[in-house]
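Working notes, structure below.
Every number here is computed from the coordinates shown, using simple stated rules; none is lab data. This is a predicted model, so every value here is computed, not measured. Cβ sites come from the backbone with ideal geometry, for glycine too, and all protein chains shown count toward neighbours.
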Amino acid sequence: MDLKLSAAPARGRKTGESTEGRHRLRNRLIRHYQLYLMLLPCIVFFIIFSYIPMGGLILAFKDYQFNQGIFGSPWVGLTYFEMFFQDPLSLQIIKNTLIISAMKVFLAMPFPILLALMFHEIKRKKMQSLFQGIAYLPHFLSWVIVIGLVQRVLAPDTGLVNQVIAWLGGDGSTFFLMEERAFYPVLFWSYIWKDIGWSSIIYFAAIVGINPALYEAAKIDGAGRLQNIWHITLPGIRPTILIVFILSLGNILSAGFDQVYLLKTPGNMNLSEILDTYIIYMGLESGQFGFGTALGMMQGVIGLILVLTVNWISRKWFETSIW
């Protein structure tokens, strides 16, 4: 009897708390309805183009037949995953993907941070805006245009680089895009040129958000510019750097299809064949939709595991995390 009496108030408290929570949520929705209406198109976009298509992942475990549809096609289990890892090229493809992804995630990360620091040191606002606009512009060019420029600059005989080499007395007929030794440098620096400005925006915003009183106090103590950057600016944007790094790990097995595909030539095939290009070839060009879906699913699952793991480590050791 006592147990029943003690349990009744507990249930009443839970009901009251849930009712109060619903009232708070409703009041918040009414008070900030403009913001939620602005958010609504974004939510609808991701539901239509990101969450609903996830149902197609079932193709990774089915032998797709046009006349039977996705759900009517026979199950094949883990056959596609076994096929990929039994392929002699699979290890080379994974290696190429990881190398290119590591270049973009780890080696390229300091460049937008340095550019943001440089922008912050420009005291004239008009000059700062001018340089920022110039740096942001390449981001809005498609990879087709960027790689077209690269091909013109590196073209044998007529390219700018070969003309300079010939002017200096060397051989000006080198076809750089057909040589393996030139593939990684061309890929890396073209990526930096295109995205360094756009990637610096988030770091520049984080720098601007640092309390100016910290710089004034450091100036009184006799700190110079480099000391301010090392002891105030970089620690101040460390949470931003960690969050951007964590999010970038989700694409560790996606090295960027557009750029790599356009730079691929018979001469650099051993380095330029990555998972993204292999998925397009097997899934679309060869019509093996289930096989391509399985590889794409593998990319997503591994990226999710990496993000969750590094996010947990960052929360534990640096007290910074996405959630």
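Net charge of the neighbourhood of Ile280, taken over other residues with C-beta under 14 Å away and scored Lys/Arg +1, Asp/Glu -1, is -3.
Near Ile243, once Lys and Arg are set to +1 and Asp and Glu to -1 for all other residues with Cβ below 13 Å from its Cβ, the sum equals +1. Distance between the modelled labels on Leu40 and Ser286, one decimal in nanometres: 4.7 nm (7 Å Cα→Cβ projection). Label reach from Phe85 (point 7 Å along Cα→C-beta): in the range 249-269, amide nitrogens under 18 Å belong to 253. Under the convention that each Lys and Arg Cβ holds +1 and each Asp and Glu Cβ holds -1, the size of the dipole of the range 204-323 around its Cα centre is about 340 debye.
When the Cα positions of Ala217, Thr97, Gly236 are compared along the charge dipole of the range 78-317, Ala217 comes out farthest toward the positive end, with charges on each C-beta of Lys, Arg, Asp and Glu. Starting from the Cα of Lys95, move 7 Å in the Cα-to-Cβ direction to define the label point; list residues of the range 266-291 whose amide nitrogen is under 20 Å from there. Answer for this model: 266-279. Between Ile165, Ile52, Ile229, where does the largest GNM mean-square fluctuation fall for the chain, given springs only between Cα atoms within less than 10 Å? Answer for the Gaussian network model of the chain: Ile52. Shown for Thr233, Thr158, Thr277: other C-beta atoms within 10 Å of each C-beta, ranked fewest to most, produce the order Thr158, Thr277, Thr233. Here the label points at Gln151 and Lys126, each 7 Å from Cα along the C-beta direction, are separated by 4.1 nm in the simple model.
Counting Lys and Arg as +1 and Asp and Glu as -1 over every other residue whose Cβ lies under 13 Å from the Cβ of Asp195, the net charge comes to +1. Net charge dipole, the chain: roughly 1780 debye, given to the nearest 20, about the Cα centre with Cβ charges of +1 for Lys and Arg and -1 for Asp and Glu. Geometric descriptor of the range 78-317, per residue, is 166 Å³ (volume of the convex hull of the Cα atoms).
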